[in-house]
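Student: Quick one: the structure is below, and I'll ask about it shortly.
The values are calculated or read from the model by the stated rules, or taken from the named source; none is laboratory data. Predicted model only: the values in this text are computed from it and were never measured. Neighbour counts are summed over all protein chains in view; Cβ atoms, including those assigned to glycine, are modelled from backbone coordinates with ideal geometry.
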Amino acid sequence: MSMLEGAPWLLAHKSMLEVNKPRKISLYGKDYVLWKDNLGEVKALPNACPHMGAMLSEGWCQQGKDGASEIVCPFHALGFDGKGCTILPGTKKKTLPQLEPLELIVQGDLIWSYGNCKPQASIPNILNEISSQYEFVGHIADISIESNLLSMLLNMHDYNHQNGTHRPLFKIEEVQFKSFQDHGHHSHALYNLPTAPTTLAEKLRHPKLLLLPKIIEVHLENHFPSMVIFHGENLLGRIAQVNFFLPESTNRTRTYVLLYGLPKSFAFPLLKHNLLDFARVITEQDGDILGKIYSNTVPKMKLNNEVGMDWVRRNFENWPEIVESNLSKRMF
Ligand code: FES
Ligand SMILES: [Fe+2]
């Protein structure tokens, strides 16, 4: 199963890393340790210590000779700088690099990586645009799911799964598809989801239902393969909820959400917690269903509005080529 080598993946937003707290990240079947040093710079090395293989992510950080924090192995306490060099006990000189760093491309707070593969697509600029216009609200739902990348992407571009996967949350009555705009590796899907009325008792039991309008107007902006942006707006403000996907290995995929907001009312910050919690519940429900699919099943039937999945399959099969955009359609 392909993991789309050469695509750019967003490893993390800087706020997801605490200063001097190592974190394990997996990409393309390899583990890395990522840490934000005392100067705010982010470094990444393979996670297996070159001495005897201990997990560096289980270690700690200390100030190195050059002033920046280095990662210390939990087994015999060798410290490695961002280039993978260490100082052996009894010597005063740094060794040559003992580990090949994971190359990072840091744009503001956004930490991208090609997983040391040859880049086959450029980093979408949309997140820089959103960061410059919106406030960063927070991150949520960072989970690793036993699913291959393709299954995860199909789920995220499946406009019919609300009634099953998200049934306890949404009570969607139908999918009113409006349009799909296909621009190769970039697309937009617009549709409305009328929601069933809920009683006051239900709302009190599940306060999240209070956030649901009568009709959810969905605008998804898709950047193949690594992100889907949900654009939403109500009287209090606008949000951009960005869902990310990363192939940790052939059968594990990581997902998480970054939330950005553009307040229109002083009451917007009150929503913050609820919006993040909403994103968490949705992501967990997606993760749950992905663990319950026989992913090698060949579909024998097709539903309406599967155009997003057609878009994923076409881009996946042809990666990294961008084939002719042929899925744009309007339906009223
Ligand atoms: S295994 Fe890391 S210092 Fe020995
Ligand atoms: Fe979902």
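Student: Regarding segment 85-96, can at least one residue be identified that is surrounded by 15 or more Cβ atoms within 10 Å (Cβ to Cβ), part of a strand (DSSP E or B), of a type in the set (Ser, Thr, Tyr) and free of Cβ contacts under 8 Å to residues at least 40 places away in the same chain?
Tutor: Taking segment 85-96 first, the residues surrounded by 15 or more Cβ atoms within 10 Å (Cβ to Cβ) are 85-87, 94.
Next, from what is left, pick out any that are part of a strand (DSSP E or B): 86-87, 94.
Next, only the ones that are of a type in the set (Ser, Thr, Tyr) stay: 86.
Subsequent filtering for residues that are free of Cβ contacts under 8 Å to residues at least 40 places away in the same chain retains 86.
Yes: one or more hits.
Student: Looking only at residues in segment 172-215 that are among the basic types (Lys, Arg) and in contact with a helix residue (DSSP H, G or I) (Cβ under 8 Å, 6 or more places away or on another chain), which one is nearest to ligand 2 (Cβ to nearest atom)?
Tutor: Kept after step one, since they are among the basic types (Lys, Arg), are these residues of segment 172-215: 178, 203, 205, 208, 214.
With in contact with a helix residue (DSSP H, G or I) (Cβ under 8 Å, 6 or more places away or on another chain) added as a condition, the list becomes 203, 208.
On the way: Lys203: 22, Lys208: 15 Å.
Among residues in segment 172-215 that are among the basic types (Lys, Arg) and in contact with a helix residue (DSSP H, G or I) (Cβ under 8 Å, 6 or more places away or on another chain), the one nearest to ligand 2 (Cβ to nearest atom) is Lys208.
Student: If a residue has to be more than 16 Å from ligand 2 (Cβ to nearest atom), under 27 Å from Glu146 (Cβ atoms) and surrounded by 15 or more Cβ atoms within 10 Å (Cβ to Cβ) to count, how many in segment 277-310 make the cut?
Tutor: Within segment 277-310, residues that are more than 16 Å from ligand 2 (Cβ to nearest atom), under 27 Å from Glu146 (Cβ atoms) and surrounded by 15 or more Cβ atoms within 10 Å (Cβ to Cβ) number 1.
Student: Oh, and also: If I filter segment 298-306 for residues that are in contact with a Phe, Trp or Tyr (Cβ under 6 Å, 6 or more places away or on another chain) and on the phi > 0 side of the Ramachandran plot, do I get at least one hit?
Tutor: Yes, the conditions are met somewhere in segment 298-306.
Student: Taking Pro74 as the residue in question, decide whether it is within 12 Å of ligand 1 (Cβ to nearest atom), part of a loop (DSSP other than H, G, I, E, B) and in contact with a Gly (Cβ under 7 Å, 6 or more places away or on another chain).
Tutor: yes
Student: As an exercise: evaluate Gly82 against (1) out of contact with any Lys or Arg (no Cβ under 7 Å at 6 or more places or on another chain); (2) part of a loop (DSSP other than H, G, I, E, B) and give the number of the one condition it does not meet.
Tutor: The one condition Gly82 does not meet is (1).
Student: Give the number of residues within segment 314-332 that are surrounded by fewer than 15 Cβ atoms within 10 Å (Cβ to Cβ) and either charged (D, E, K, R) or touching a Cys at 6+ places or on another chain (Cβ under 6 Å) (or both).
Tutor: Final tally of qualifying residues: 5.
Student: Okay, moving on. Within 28 Å of Glu317 (Cβ to Cβ), touching a residue at least 60 places away in the same chain (Cβ under 8 Å) and surrounded by fewer than 15 Cβ atoms within 10 Å (Cβ to Cβ), is that true of Ser122?
Tutor: In short, yes.
Student: Kindly check whether there is at least one residue in segment 189-206 that is part of a loop (DSSP other than H, G, I, E, B) and under 27 Å from Glu135 (Cα atoms). Talk me through it step by step, then tell me what you get.
Tutor: So in segment 189-206, the residues part of a loop (DSSP other than H, G, I, E, B) come out as 196-199, 206.
Then keep just the ones that are under 27 Å from Glu135 (Cα atoms); that gives none.
No, segment 189-206 contains no residue that is part of a loop (DSSP other than H, G, I, E, B) and under 27 Å from Glu135 (Cα atoms).
Student: Then there's this: For Gly53, state whether it is farther than 21 Å from Val19 by Cα, assigned by TED's automatic domain parsing to the domain that holds Asn20 and within 7 Å of ligand 1 (Cβ to nearest atom). Please lay out each step first, then the result.
Tutor: Details: farther than 21 Å from Val19 by Cα: yes; assigned by TED's automatic domain parsing to the domain that holds Asn20: yes; within 7 Å of ligand 1 (Cβ to nearest atom): yes.
So Gly53 fits the description; yes.
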